[in-house]
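Novice: Structure in structure tokens, see below.
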Amino acid sequence: MTLKDLNPGQEGTVISIGQKGPMKRRIMDMGVTPGIKVKVIKVAPLGDPIEINIRGYELSLRKAEAENIVVEL
Amino acid sequence: MNYTIALAGNPNSGKTTLFNELTGSRQHVGNWPGVTVDKKEGIYKKNRNVNIMDLPGTYSLSPYSEEEVIARNYIVNDRPDVVINIVDGTNIERNLYLTLQILETGIPTVIAINMMDEVEASGNKIDFNELSNLLGVQVLPIVARSGKGLDELMRAAVSVAEIKISPKILNVFDVNINSAVNSISEILEDEYMADSSSSVGTAAAQLQWKAIKVVENDQLVIDSLSGSQKIAVENIVKEAEKYADGDTEAKIADSRYRFISELVKGSVKKAKTGYVETKSDKLDKVLTNRVLALPIFAVIMYVLFACTFSENFLFIEGLASPGVWLAGVVEAAWGAVAEVIDGLVAGASPWVYSLVMDGIVEGIGAILGFIPLVLVLYILISILEDCGYMARIAFVMDRIFRKFGLSGRSFIPLLMGFGCGVPAVMATRTLDTEKDRRITTIITAFMPCGAKLPIFAMFVSIFFVNGNKTLITYSLYMLSIVVAIAVSLILNKLVYKSAASNFVMELPRYRVPTLKSVLIHGWEKVKGFAIKAGTVIFISTIIIWGLSNFNADSFNGVNAASNEDGSNMAEMDESFLASFGNVIAPVFKPLGFGEWRPAVGVVTGWIAKEMVVVTFAQLYDDDVSPEYLEEYFSQYDPEELEELGFEGGVYDEEAAFDIYSEAVLFEGADENALHSMKTDIKTDMAAYSYMVFNLLCMPCFAAVGAIKRELKTWRLTGGAVGIQMLTAYIVSFVIYTIGSILA
């Protein structure tokens, strides 16, 4: 399952983050690394992007980006 | 001994607050051509030998976005004596990620944990001794907002600068990466030592940093290697990659965060573990609520404009908004100054009198009254920026912007463009992809910056006397956004077909902006304007006055012979400026304003957009000449004159202008008002078209300079300006043509 599949309020643990490249690096720079807990806070009014809480702060990313992040409940 | 201290940290960690506290009023902050906005320099107010450099906020020193490259190049190439790394104590894990990378550069570092008041309020405890031990550098608590802990911080920074000790190398990476780093260091060493003039210790640290970057596959560093080095390191990098499951970059990022997790475990005691809902989160539930978010945004924008322009503030008939009220005060004050100046030059020769009164006083006065509007708007935008709402706007708008190939983050420079185009264009640097940066740079110029505001204010008050002034101005703002989006869509379709944008953005905590920071923003704007008025506008004013009052016959006696008073000044429509304007005017014929004076206004607008208003005030000054006013008021009997505001019902030349503008002009009472302006710009549609053209065409030269800095080449800059001109022409033409048919 991926981060995109989590509903607001659900929490998961990151397993892996997509394909090698600038996008992956950017996401990891922001603290999304394997083993870390993420909680989905909300979905934007127009359905995308989503807001997650990670390492104690709020980060937003698009569903297309969340789709690359494999998580487990 | 002089020291340079660089402030580095994550965006929103409070660097600029710290910078302002440390430098006080000595800062050379400014967004003016020549002054770089990317790095701000100042002098420590308590020790003038200490230079302080404010670097752009960045999450990492990887070369993925422009501001990261700026911060990193400064730290690595310019090597400040000390880096003060500001860490947001409420978000310590992610902030320490940059810290580790700064320590890798080997520059002496002191860490300041900021926002300690909020940390304490949350009940978390940070063990500073333990953190210092683990990181090998001093770690100190501060509250930048209130100035707490800053003296101790600066003492520590200066003492570190004196002894110049590089931070120890931390054991962040695993065996495989470490051995790759060591092998690469050895390869780079020979050539490196030969051309490095710095001391041995520094060179070693630099070498280590470079080697890590090579292992990380950092393109900028790899490109700087010599051909033989590139070949030599290639196998080592490949080998390391095998151990890192094919992605060393990810492995390194992961190692750094693992190190931090251990670090934080040993030194930070959290009051609560897991997710804690803060006040900020509760507020956010409302502001980015599924149903309410867009209506709230629309209301906030409307309030922003109402505070600035509304003459019926809060829907109360006749109540001036703060902006309008302040504008009235400034205009009255300038009127008094103008009277004093008039008295001083009254006896001077006709051309001196004309230069001072028609040129300088009229010109400066024309824009002075609009500054309060700009000031109020700028302060409100800076409040939006400071409180954290800007990021939410981007979050809410992303879905829409994506349709046009941009990210919601592009909305932030666009909104800043409502204030001033120069910092707005620079803000495009924070965008992640080159496509986003380029397109946003081009479309930011369409935004109605504070300097375009006087144009709208003047036109609306002259041509749309009975219309809803706020609504007409609002329509221009909306138009700018629509055009920006449309142009972005077209560029996306035609130029950048494939490249995707992304939206990975921090949503900072809401904070109440400090009065101080808001006042600093406001003061900077006023100061920036005063400099602009005193230099560019002042000089241009004199040049325009000269070109509009003289022609070739001024210098051969022809004018002097024909003028009654013997002066050699020319009639304005025979002046140099008229000849020039007449050449370019036909171009604007299809847009509804193909006359020389409006054409000249467009050109002077490129010097600074306020110049459009200045130019109009100078070129149409006959429309409100004393002779005209006397003739106009002669139709009234004493009783009516008293009603209009003349004391005792007696016509008074001194008061005539003010009464005319307030009681007659803005009320639309004089059908012949501004007759020559209205012969040039005949219809409301032509006036609207003129505003639209000035809104969308090439921005002022200062902004073009900023665009050049972002786009790098003159070819791209020329392309951007070309797109802006073409867009302005097409949109004005369409609006004028369709509007005229409908009317």
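Novice: From the set of residues in segment A:50-73 that are part of a strand (DSSP E or B) and within 7 Å of chain B (Cβ to nearest Cβ), which is farthest from B:Val291 (Cα to Cα)?
Specialist: So in segment A:50-73, the residues part of a strand (DSSP E or B) come out as A:50-54, A:57-61, A:69-72.
Filter once more, keeping what is within 7 Å of chain B (Cβ to nearest Cβ): A:51, A:53, A:57-61.
Values: A:Glu51: 16, A:Asn53: 22, A:Tyr57: 24, A:Glu58: 21, A:Leu59: 21, A:Ser60: 19, A:Leu61: 20 Å.
Restricting to residues being part of a strand (DSSP E or B) and within 7 Å of chain B (Cβ to nearest Cβ), the top hit is A:Tyr57.
Novice: Let me ask something else about it. More than 23 Å from B:Gly328 (Cβ to Cβ) and outside any loop (DSSP other than H, G, I, E, B) - does that describe any residue in segment B:443-461?
Specialist: Within segment B:443-461 (the criterion being more than 23 Å from B:Gly328 (Cβ to Cβ) and outside any loop (DSSP other than H, G, I, E, B)), the answer is yes, since at least one residue qualifies.
Novice: Sticking with this one: From the residues in segment B:421-436 that are in a helix (DSSP H, G or I) and within 14 Å of chain A (Cβ to nearest Cβ), which one is farthest from B:Ile723 (Cα to Cα)? Break it down stepwise before answering.
Specialist: Of all residues in segment B:421-436, those in a helix (DSSP H, G or I) come to B:421-430, B:434-436.
Narrowing further to those that are within 14 Å of chain A (Cβ to nearest Cβ): B:430, B:434-436.
Numbers: B:Thr430: 23, B:Glu434: 18, B:Lys435: 16, B:Asp436: 16 Å.
If we take residues in segment B:421-436 being in a helix (DSSP H, G or I) and within 14 Å of chain A (Cβ to nearest Cβ), then B:Thr430 is farthest from B:Ile723 (Cα to Cα).
Novice: Quick one: B:Ala271 ticks every box in (1) more than 30 Å from A:Val14 (Cβ to Cβ); (2) touching a Gly at 6+ places or on another chain (Cβ under 7 Å) except a single one, so which number is it?
Specialist: B:Ala271 satisfies every listed condition except (1).
Novice: Okay, next question. Six or more apart or on different chains, Cβ under 6 Å: which pairs go from a residue in segment B:56-67 that's closer than 11 Å to B:Arg429 by Cα to one that's outside any loop (DSSP other than H, G, I, E, B) and hydroxyl-bearing (Ser, Thr, Tyr)? Could you list them?
Specialist: Partner pairs satisfying both residue conditions: B:Glu67/B:Thr430.
Novice: Can you give me the number of residues within segment B:58-95 that are part of a helix (DSSP H, G or I), of a type in the set (A, V, I, L, M) and at the interface with chain A (Cβ under 10 Å from one of its Cβ atoms)? It would help to see each step written out before you state the result.
Specialist: To start, the set of residues in segment B:58-95 that are part of a helix (DSSP H, G or I) comprises B:66-78, B:89-95.
From what's left, of a type in the set (A, V, I, L, M): B:69-71, B:75-76, B:92.
Adding the requirement that they be at the interface with chain A (Cβ under 10 Å from one of its Cβ atoms) leaves B:92.
Final tally of qualifying residues: 1.
Novice: Based on this model, can you work out whether B:Ser634 counts as of a type in the set (Gly, Ala, Ser), at pLDDT 85 or above and surrounded by fewer than 17 Cβ atoms within 10 Å (Cβ to Cβ)? It would help to see each step written out before you state the result.
Specialist: Numbers: of a type in the set (Gly, Ala, Ser): yes; at pLDDT 85 or above: yes; surrounded by fewer than 17 Cβ atoms within 10 Å (Cβ to Cβ): yes.
Here the answer is yes, as B:Ser634 does meet what is asked.
Novice: Would you be able to tell me the number of residues in segment B:71-97 that are β-branched (Val, Ile, Thr) and without any contact (Cβ under 8 Å) to a residue 40 or more places away in the chain?
Specialist: Taking segment B:71-97 and keeping what is β-branched (Val, Ile, Thr), we get B:75-76, B:82-84, B:86-87, B:90, B:92.
Next cut, without any contact (Cβ under 8 Å) to a residue 40 or more places away in the chain only: none.
Looking only at that region, the number is 0.
Novice: Please give the number of the condition A:Asn7 fails out of (1) more than 7 Å from chain B (Cβ to nearest Cβ); (2) more than 25 Å from B:Asp245 (Cβ to Cβ); (3) crowded, with 21+ Cβ neighbours inside 10 Å.
Specialist: So A:Asn7 meets the others, but not (3).
Novice: Here's something else I'd like to know. Does segment B:373-395 include one or more residues that are within 14 Å of chain A (Cβ to nearest Cβ), open to solvent by 20 Å² or more (accessible area, probe 1.4 Å) and either more than 21 Å from B:Tyr302 (Cβ to Cβ) or modelled with pLDDT of 85 or more (or both)? Let's see the steps before the verdict.
Specialist: We begin by selecting, within segment B:373-395, every residue within 14 Å of chain A (Cβ to nearest Cβ); these are B:388-395.
Pick out the ones that are also open to solvent by 20 Å² or more (accessible area, probe 1.4 Å) and you get none.
The answer is no; no qualifying residue exists.
Novice: Restricting attention to segment B:308-325, does a residue exist that is under 16 Å from B:Gly419 (Cβ atoms), at pLDDT below 80 and small (Gly, Ala, Ser)?
Specialist: Scanning segment B:308-325, I find no residue that is under 16 Å from B:Gly419 (Cβ atoms), at pLDDT below 80 and small (Gly, Ala, Ser), so the answer is no.
Novice: Please enumerate the residues belonging to segment B:664-697 that are over 26 Å from B:Ile607 (Cα atoms) and of a type in the set (A, V, I, L, M, F, W, C).
Specialist: Of everything in segment B:664-697, those that are over 26 Å from B:Ile607 (Cα atoms) and of a type in the set (A, V, I, L, M, F, W, C) turn out to be B:Val664, B:Leu665, B:Phe666, B:Ala669, B:Ala673.
Novice: Just wondering, is there one or more residues in segment B:436-447 that are open to solvent by 20 Å² or more (accessible area, probe 1.4 Å) and closer than 29 Å to B:Glu68 by Cα?
Specialist: Quick first cut of segment B:436-447, residues open to solvent by 20 Å² or more (accessible area, probe 1.4 Å) only: B:437-438.
Remaining after also requiring closer than 29 Å to B:Glu68 by Cα: B:437-438.
There is at least one residue in segment B:436-447 that is open to solvent by 20 Å² or more (accessible area, probe 1.4 Å) and closer than 29 Å to B:Glu68 by Cα.
Residues checked against (1) farther than 30 Å from B:Met116 by Cα; (2) buried (at least 18 other Cβ atoms within 10 Å of the Cβ); (3) touching a residue at least 24 places away in the same chain (Cβ under 8 Å); (4) in contact with a Pro (Cβ under 6 Å, 6 or more places away or on another chain):
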residue	(1), (2), (3), (4)
B:Gln219	yes, no, yes, no
B:Ile231	yes, no, no, no
B:Ala250	yes, yes, no, no
B:Lys270	no, no, yes, no
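Novice: Moving on to the next point. Take B:Phe580 and decide whether it is open to solvent by less than 50 Å² (accessible area, probe 1.4 Å) and among the aromatic types (Phe, Trp, Tyr).
Specialist: Details: open to solvent by less than 50 Å² (accessible area, probe 1.4 Å): no; among the aromatic types (Phe, Trp, Tyr): yes.
Criteria not met by B:Phe580.
Novice: Considering every residue within segment B:291-299, establish whether at least one is away from every other protein chain (no Cβ under 14 Å) and in a helix (DSSP H, G or I). Spell out the reasoning first.
Specialist: Let us first name the residues in segment B:291-299 that are away from every other protein chain (no Cβ under 14 Å), namely B:299.
Now narrow it down to the ones that are in a helix (DSSP H, G or I): B:299.
Checked against the condition, which is being away from every other protein chain (no Cβ under 14 Å) and in a helix (DSSP H, G or I), segment B:291-299 yields at least one hit.
Novice: Just one of B:Val495, B:Val504, B:Val483, B:Val512 is in contact with a helix residue (DSSP H, G or I) (Cβ under 9 Å, 6 or more places away or on another chain), buried (at least 16 other Cβ atoms within 10 Å of the Cβ), away from chain A (no Cβ under 14 Å) and of a type outside the set (Gly, Ala, Ser); which is it? Show your work before the answer.
Specialist: On the way: B:Val495 fails: buried (at least 16 other Cβ atoms within 10 Å of the Cβ); B:Val504 fails: away from chain A (no Cβ under 14 Å); B:Val512 fails: buried (at least 16 other Cβ atoms within 10 Å of the Cβ).
Exactly one residue qualifies, and that residue is B:Val483.
Novice: Could you tell me which of the residues B:Leu726, B:Leu716, B:Leu742 is farther than 30 Å from B:Trp606 by Cβ and surrounded by fewer than 19 Cβ atoms within 10 Å (Cβ to Cβ)? Outline the logic, then answer.
Specialist: Values: B:Leu726 fails: farther than 30 Å from B:Trp606 by Cβ; B:Leu716 fails: farther than 30 Å from B:Trp606 by Cβ.
None of the other options fit; the residue is B:Leu742.
Novice: Only one of B:Ser554, B:Ser517, B:Ser548 is without any contact (Cβ under 8 Å) to a residue 60 or more places away in the chain and of a type in the set (S, T, N, Q); which? Before the answer, list the steps.
Specialist: Numbers: B:Ser517 fails: without any contact (Cβ under 8 Å) to a residue 60 or more places away in the chain; B:Ser548 fails: without any contact (Cβ under 8 Å) to a residue 60 or more places away in the chain.
One residue alone meets the criteria, B:Ser554.
Novice: On to the next question. Among the residues of segment B:239-248, how many are assigned to a helix (DSSP H, G or I), charged (D, E, K, R), within 14 Å of chain A (Cβ to nearest Cβ) and surrounded by 11 or more Cβ atoms within 10 Å (Cβ to Cβ)?
Specialist: Taking segment B:239-248 and keeping what is assigned to a helix (DSSP H, G or I), we get B:239-243, B:248.
Those left that are additionally charged (D, E, K, R): B:239, B:241-242.
This time we only want the ones that are within 14 Å of chain A (Cβ to nearest Cβ), so: B:241-242.
From the residues that got through so far, the ones that are surrounded by 11 or more Cβ atoms within 10 Å (Cβ to Cβ) too are B:241.
Number satisfying all stated conditions: 1.
Novice: Taking segment A:14-49, which residues are more than 7 Å from chain B (Cβ to nearest Cβ), without any contact (Cβ under 8 Å) to a residue 24 or more places away in the chain and over 24 Å from B:Glu66 (Cα atoms)?
Specialist: A:Gly35, A:Ile36
Novice: Please pick out the residue among B:Phe401, B:Phe411, B:Phe418 that is in a loop (DSSP other than H, G, I, E, B) and either open to solvent by less than 30 Å² (accessible area, probe 1.4 Å) or in contact with a Phe, Trp or Tyr (Cβ under 6 Å, 6 or more places away or on another chain) (or both). Before you say what the answer is, go through the steps one by one.
Specialist: Values: B:Phe401 fails: in a loop (DSSP other than H, G, I, E, B); B:Phe411 fails: in a loop (DSSP other than H, G, I, E, B).
Exactly one of B:Phe401, B:Phe411, B:Phe418 is in a loop (DSSP other than H, G, I, E, B) and either open to solvent by less than 30 Å² (accessible area, probe 1.4 Å) or in contact with a Phe, Trp or Tyr (Cβ under 6 Å, 6 or more places away or on another chain) (or both), namely B:Phe418.
Novice: Can you name every residue in segment B:637-660 that is closer than 20 Å to B:Gly328 by Cβ, touching a residue at least 12 places away in the same chain (Cβ under 8 Å) and surrounded by fewer than 16 Cβ atoms within 10 Å (Cβ to Cβ)?
Specialist: Matches in segment B:637-660: B:Gly645, B:Glu654, B:Asp658.
The values are calculated or read from the model by the stated rules, or taken from the named source; none is laboratory data. Note that the structure is a prediction, hence the values are computed from the model and not measured. Neighbour counts are summed over all protein chains in view; Cβ atoms, including those assigned to glycine, are modelled from backbone coordinates with ideal geometry. Remember, those area values only see protein heavy atoms, side chains included, never the ligands or the DNA or RNA. Shrake-Rupley method; radii C 1.70, N 1.55, O 1.52, S 1.80 Å.
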